[in-house]
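Colleague: Submitted below is the structure of interest, expressed as structure tokens.
The values are calculated or read from the model by the stated rules, or taken from the named source; none is laboratory data. Just so we're clear, the structure is a prediction, and the values are computed from it rather than from any experiment. FYI the Cβ positions are ideal-geometry reconstructions off the backbone, even for glycines, and counts take in every protein chain you see. In case anyone asks, the SASA skips ligands and DNA or RNA and just uses the protein heavy atoms, side chains included. Shrake-Rupley method; radii C 1.70, N 1.55, O 1.52, S 1.80 Å.
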Amino acid sequence: THNGVGPSFRGLVVCNGEPPSDELLTREEARADLVVYTDGAAGRVGPGERRMDVIIGDMDSVTGPVRGAQVVDAGPHDVQEDSDSEKAVLYCIASAEERGISGRDQVSTRILGGAGLRMDHTLANVLLCIRYADRADVRLVGDGWELWGALGRTPLDLQPGAIVSLLPMGPGVHIKTHGLRWPLDEIVAQGSRGLSNEVLREDAAIEVAGGPVAVVVRSDGEETG
């Protein structure tokens, strides 16, 4: 139960990039209503070592059944049009919607192991956070950092002192900040203009118009949303 605070449904996706620490994975497992592994990530975990509710992919890395896990075989790789990460994110969103839970405020999907090792996969996963930002709070999460997509007015839900970068994902994006050390109220060019700002107030927020913004936060392990 969530006692009315935070999302009503929490999905956790574990991908085959740079592995998260055991501490981070254990913490996120405990919070999650559903844990989905891509088959590449599942293939490098020993039987019974971690919680796996669902394994999704072409199953070229998982050779047999995994106790307690539902297997969603996506078919041969050459007939697929999206990544295992995207399938897993969509599976979480659909699972929430099947329970009558929808919308960014109510559905959270956190992606571990979604960065590092391969730059193309890392960038694709960043874009997943942007693409599905209107349906769920989709976040790439690592040890000491988080990334998510902001649309419209977005509370940052961060403590004073947190370091946050605001990176426009297209040209002509207007960013207005509230409660940050270095104010912005302008069209921000793609580049380094929005790097390494600092939160001054608990009610800090941003307003975004003209396109999405990637928000990257250096965290201290505390929940930020």
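Colleague: If you roll a 1.4 Å probe over the heavy atoms of the protein chains, what accessible area per residue do you get for the chain, in Å²?
Modeller: Spelled out: the 1.4 Å probe surface of the chain, per residue, equals 49 Å².
Colleague: Would you mind checking which residues have amide H under 5 Å from Glu198's amide H? H placed 1.01 Å from N; only 5 or more apart, or other chain.
Modeller: It is Val164, Arg181, Trp182, by chain and number.
Colleague: Could you check how much of the accessible area of the chain is carbon and sulfur, as a whole percent, using a 1.4 Å probe?
Modeller: Of the solvent-accessible surface of the chain, carbon and sulfur hold 50 percent.
Colleague: Order the peptides 8-16, 149-157 from the highest to the lowest mean number of other Cβ atoms within 10 Å of their residues.
Modeller: Top of the packing list down: 8-16, 149-157.
Colleague: Now a separate question. For the chain, with a Gaussian network of springs between Cα atoms less than 10 Å apart, report the residue from Ile175, Ile55, Ile187 with the top mean-square fluctuation.
Modeller: Ile187
Colleague: Where the only charges are on Cβ atoms (+1 Lys, Arg; -1 Asp, Glu), what is the dipole of the chain about its Cα centre, to the nearest 20 debye?
Modeller: For this selection, approximately 360 debye.
Colleague: Quick one: which residues, 5+ away or cross-chain, put their amide H under 5 Å from the amide H of Gly211? H built at 1.01 Å from N.
Modeller: It is His174, by chain and number.
Colleague: A further question on this structure: Quick one: dipole size for the range 114-161, taken about the Cα centre, charges +1 on Lys/Arg Cβ and -1 on Asp/Glu Cβ, in debye to the nearest 20.
Modeller: It works out to roughly 160 debye.
Colleague: Here's another thing I want to ask about it. Please work out which option in (1) 25, 21, 16; (2) 31, 18, 16; (3) 37, 20, 15 gives semi-axes √(5λ) of the Cα gyration tensor in Å calculated from these coordinates, and answer with its label.
Modeller: (2)
Colleague: What is the helix-to-structure angle for 119-131, meaning the angle in degrees between its Cα long axis and the longest Cα principal axis of the chain, kept from 0 to 90 and rounded to the nearest 10?
Modeller: Rounded to the nearest ten degrees, it is 70.
Colleague: Compare Tyr91, Tyr132 by solvent-accessible area with a 1.4 Å probe and give them largest first, with all protein chains kept in place.
Modeller: Descending order: Tyr91, Tyr132.
Colleague: Also, quick follow-up: Ignoring everything but the protein chains, give the 1.4 Å probe accessible area of Arg99 in square angstrom, nearest 10.
Modeller: The accessible area comes out at roughly 140 Å².
Colleague: Looking at the chain only, what percent of DSSP beta bridges run antiparallel? Nearest 5 please.
Modeller: Approximately 60 percent, going by the DSSP bridge assignments.
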